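This report concerns only the one structure given below.
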Amino acid sequence: MRKILSLTALSTALLAGLVTASTAQADITVGFVTSLSGPGASIGIPYGRGIQAALEYKSEVNGEKIKLIQLDDGSDPSAATRAARKLIEEEKVDLLIGTATAPSTIAMMAVATELKVPMIAVSPVTGQPNPADQWGISVPQPASLLVKVVADRMKRDAMKNIGYIGFSDAWGDLVYNGAKAAEAIDDIKVLTNERYARVDTSVTGQILKVLAARPDAVLIGGSGTQGALPLLALGERGFKGKTYGTVALVNPDFVRVGGKAADGIQVSAGPVIVAEQLPDNHFAKKLALEFRAAFLKANNVPTTDGFSAYSFDGWRIFTTAAERALKTAKPGTIEFRKALRDEILNTKELAGVHAIYNFKAGAYHGVDERALVIVRLVNGAWTYEP
């Protein structure tokens, strides 16, 4: 005998199904792209560990769980583009975060803008966005600010003539352009513009040209493991001048590969790098120590880099903006994506472990000089240099 479901029972079943579907759709879905392979892996892996620390630190917003989907772009801008499209079109993410290299990040940002999904970049992004159609921001300190703070230190150290060597890509351009901008306002002169690819294993020819210019100091526009190559070449040729760089060099692989040749380099970096050495009243100290605890719990190893902390700060920007966006829209909807974008751009005086963030339409970056300190590599450890 066929059973007939009563109207009441049917209504109850339908209601339960709707509630279940509604609950499932209520999860906030975040798509995270990083470089777990390829030449950018030495910084992409820390980014991945940082996002796990962030999820450990805060896994829901106003009772809504956060679902994290992570993809590897292999350090390839084309793969980053495909990953961004997959996350948006197939996984229906509410937010993108990524990735480990500047060229791939720029590629992802183009997809986010095209498909109208907010994005938090954890690598620098160039240009000025259209304020009427801006869908992303960038967490790291812009290269112009990173280099300005380094240039100020060069001036204080009485370094006037500076040799430059950096990557032959967007990051190398950013650091060089920052150096030229600093040249216009500081008492330094940039003598060279030597470049090398991330996959190169030697920079001997470029370093010989840098040394031929007889610089007082050398500025490195590289990152991660490959950022150590110029220092190794300088050391082999007995260079006795000072060396400088940016937070892109604060990486255990850089320290390991650079060895004694890297010792003494001064870089501009976020305060999280030297959290324990900061004054107790510094905005980043308490949160940075909490980040380190979450990182250890999530990854079973301590953090020794600055890149993972960008993922953490990006997550903090996202979750605080989501708290406000959830008041007007539900995750999984166009309305929520727009509300989340708007609230990210409305971020004001939000303390992170790298910076205090203030965003607005028409600019990717939202940090000032409070975001940077000078640290020196001494016997393999980064030391705070007031």
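The values are calculated or read from the model by the stated rules, or taken from the named source; none is laboratory data. Here the structure is a predicted model, which means the values were calculated and not measured. Because the Cβ atoms are built from the backbone with ideal geometry, glycine has one as well, and the counts that use them run over all protein chains shown. Please note that ligands, DNA and RNA were not included when accessible areas were found on the heavy atoms of the full protein model with its side chains. Shrake-Rupley method; radii C 1.70, N 1.55, O 1.52, S 1.80 Å.
Annotations for the structure displayed:
- Matching residues in the range 327-349 - criterion: being over 30 Å from VAL272 (Cα atoms) and surrounded by fewer than 17 Cβ atoms within 10 Å (Cβ to Cβ): LYS327, THR328, ALA329, LYS330, THR333, ILE334, GLU335
- Contacts under 9 angstrom Cβ, first residue in the range 243-264 being of a type in the set (Lys, Arg), partner at pLDDT 95 or above and in a helix (DSSP H, G or I), 6 or more apart: ARG256/ALA228; LYS260/GLY235
- Of all the residues in the range 36-52, those that are of a type in the set (Ser, Thr, Tyr) and within 12 Å of the chain's Cα centre (by Cα) number 1.
- Of all residues making up the range 188-206, the number that are of a type in the set (A, V, I, L, M, F, W, C) and either open to solvent by less than 50 Å² (accessible area, probe 1.4 Å) or under 19 Å from LEU377 (Cα atoms) (or both): 4
- Qualifying residue in the range 207-214 (condition: assigned to a loop (DSSP other than H, G, I, E, B) and either surrounded by fewer than 22 Cβ atoms within 10 Å (Cβ to Cβ) or on the phi > 0 side of the Ramachandran plot (or both)): yes
- Qualifying residues in the range 110-123 (those that are of a type outside the set (A, V, I, L, M) and out of contact with any Ser or Thr (no Cβ under 9 Å at 6 or more places or on another chain)) - the one surrounded by the most Cβ atoms within 10 Å (Cβ to Cβ): PRO118
- Residue in the range 183-204 that is part of a helix (DSSP H, G or I) and within 30 Å of SER35 (Cα to Cα) present: yes
- One residue stands out in the range 129-149 among those that are of a type outside the set (D, E, K, R) and over 16 Å from the mean Cα position of the chain (by Cα): the one that is surrounded by the fewest Cβ atoms within 10 Å (Cβ to Cβ), namely ALA132.
- THR126, sole failed condition from (1) of a type in the set (Ser, Thr, Tyr); (2) surrounded by fewer than 22 Cβ atoms within 10 Å (Cβ to Cβ); (3) free of Cβ contacts under 8 Å to residues at least 40 places away in the same chain: (3)
- Put simply, of GLU114, GLU64, GLU56, GLU89 the only residue that is of a type outside the set (A, V, I, L, M, F, W, C) and in contact with a strand residue (DSSP E or B) (Cβ under 8 Å, 6 or more places away or on another chain) is GLU64.
- Tally of residues being open to solvent by less than 30 Å² (accessible area, probe 1.4 Å) and either acidic (Asp, Glu) or under 30 Å from LEU231 (Cα atoms) (or both) across the range 350-366: 3
- Scanning the range 229-274 for residues that are more than 20 Å from ARG370 (Cα to Cα) and of a type in the set (Ser, Thr, Tyr) gives a single hit, THR243.
- Residue match in the range 243-256 (condition: acidic (Asp, Glu), under 30 Å from THR201 (Cβ atoms) and assigned to a helix (DSSP H, G or I)): yes
- Matching residues, the range 150-182, being within 15 Å of ALA217 (Cα to Cα), in contact (Cβ under 8 Å) with a residue 60 or more places away in the chain, part of a helix (DSSP H, G or I) and open to solvent by 20 Å² or more (accessible area, probe 1.4 Å): ARG153
- The residue that is farthest from LYS242 (Cα to Cα), counting only those in the range 170-203 that are out of contact with any helix residue (DSSP H, G or I) (no Cβ under 6 Å at 6 or more places or on another chain) and among the β-branched types (Val, Ile, Thr), is VAL199.
- Looking across the range 223-268, the residues that are surrounded by fewer than 19 Cβ atoms within 10 Å (Cβ to Cβ) and in contact with a strand residue (DSSP E or B) (Cβ under 8 Å, 6 or more places away or on another chain) come down to GLY241, ASP263, GLY264.
Per-residue answers, yes or no, for (1) out of contact with any strand residue (DSSP E or B) (no Cβ under 7 Å at 6 or more places or on another chain); (2) open to solvent by less than 10 Å² (accessible area, probe 1.4 Å); (3) under 17 Å from PRO140 (Cβ atoms):
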site	(1), (2), (3)
GLY270	yes, yes, yes
ASP280	yes, no, no
PHE283	no, no, no
ALA293	yes, no, no
LEU296	yes, no, no
PRO302	yes, no, no
ALA321	yes, yes, no
ALA325	yes, yes, no
